[in-house]
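The values are calculated or read from the model by the stated rules, or taken from the named source; none is laboratory data. This is a predicted model, so every value here is computed, not measured. Methodologically, a virtual Cβ is constructed for each residue, glycine included, from the backbone with ideal geometry; neighbour enumeration extends over all protein chains shown.
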Amino acid sequence: MAEPHTTADWEPKILAFLCNWCSYAGADLAGTSRIQYPPNVRVIRVPCSGRVNPIYIVEALRQGADGVLVSGCHPGDCHYLAGNYFARRRFAMLQRYLEYLGVEKGRVQFSWVSASEASRFAEVVTKVTEDVRLLGPNRRLRMATLDDAPAVEIVDPSVEAEE
Ligand code: FES
């Protein structure tokens, strides 16, 4: 049976919400430029960092992500003018909520990466991955799954009666 809470052979699973206009393009450029970065990140492309509802982040942690990255355009560069300012404000409030819930600082991170900053994207992903690796598996909000349940032997009483 899988043991997702052990640290042996454990690799952090990180979900990244990247805005279409800057960070996603930066990630794309990192890929086409063959810049190496840890393969632990799964990307969800969003129209703008301001589109990321904090519930998505909490839900990602609940569903098994060990870390979450939200990345958008630099201040002043948002394609929708102020989306990243809303995101920054929401993120500050979310950090306090996560702290209240006992989620370690560093498990959820926010960054600015422009379309031309492929190297910066790789640095951000590397930093988030290493930070989450040091924190270990996400145990705080993660929902229990069938993999976590102890093995139970089901005994059919009718079979016992026949023996
Ligand atoms: Fe990139 Fe708004 S479009 S943060």
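Could you check region 22-70 and list, in sequence order, the residues that are touching a His at 6+ places or on another chain (Cβ under 9 Å) and under 21 Å from Gly106 (Cα atoms)?
Narrowing region 22-70 to residues touching a His at 6+ places or on another chain (Cβ under 9 Å): 22, 47-48.
Hits for region 22-70: nothing passes.
Taking region 64-101 only, how many residues are over 18 Å from Asp131 (Cα atoms), in contact with a Ser or Thr (Cβ under 9 Å, 6 or more places away or on another chain) and touching a residue at least 60 places away in the same chain (Cβ under 8 Å)?
Qualifying residue count for the region: 2.
Quick grid of which residues meet (1) within 17 Å of the chain's Cα centre (by Cα); (2) at pLDDT 95 or above:
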position	(1), (2)
Met1	no, no
Ile35	no, yes
Pro47	no, yes
Val52	yes, yes
Tyr56	yes, yes
Ser71	yes, yes
Tyr85	no, yes
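Counting only residues that are away from the ligand (no atom under 15 Å from the Cβ) and crowded, with 17+ Cβ neighbours inside 10 Å, how many does region 39-73 have?
Number satisfying all stated conditions: 11.
Kindly list the number of the only condition in (1) within 16 Å of the ligand (Cβ to nearest atom); (2) in contact with a helix residue (DSSP H, G or I) (Cβ under 8 Å, 6 or more places away or on another chain); (3) touching a residue at least 40 places away in the same chain (Cβ under 8 Å) that fails for Val108.
Val108 satisfies all of (1) within 16 Å of the ligand (Cβ to nearest atom); (2) in contact with a helix residue (DSSP H, G or I) (Cβ under 8 Å, 6 or more places away or on another chain); (3) touching a residue at least 40 places away in the same chain (Cβ under 8 Å) except (1).
Looking only at residues that are of a type in the set (A, V, I, L, M) and assigned to a loop (DSSP other than H, G, I, E, B) in region 78-112, which one is surrounded by the fewest Cβ atoms within 10 Å (Cβ to Cβ)?
Step one: of region 78-112, the residues of a type in the set (A, V, I, L, M) are 81-82, 87, 92-94, 98, 101, 103, 108.
Add one more test, that the residue is assigned to a loop (DSSP other than H, G, I, E, B), and what stays is 81-82, 103.
Numbers: Leu81: 11, Ala82: 13, Val103: 22.
By that ranking, first place goes to Leu81.
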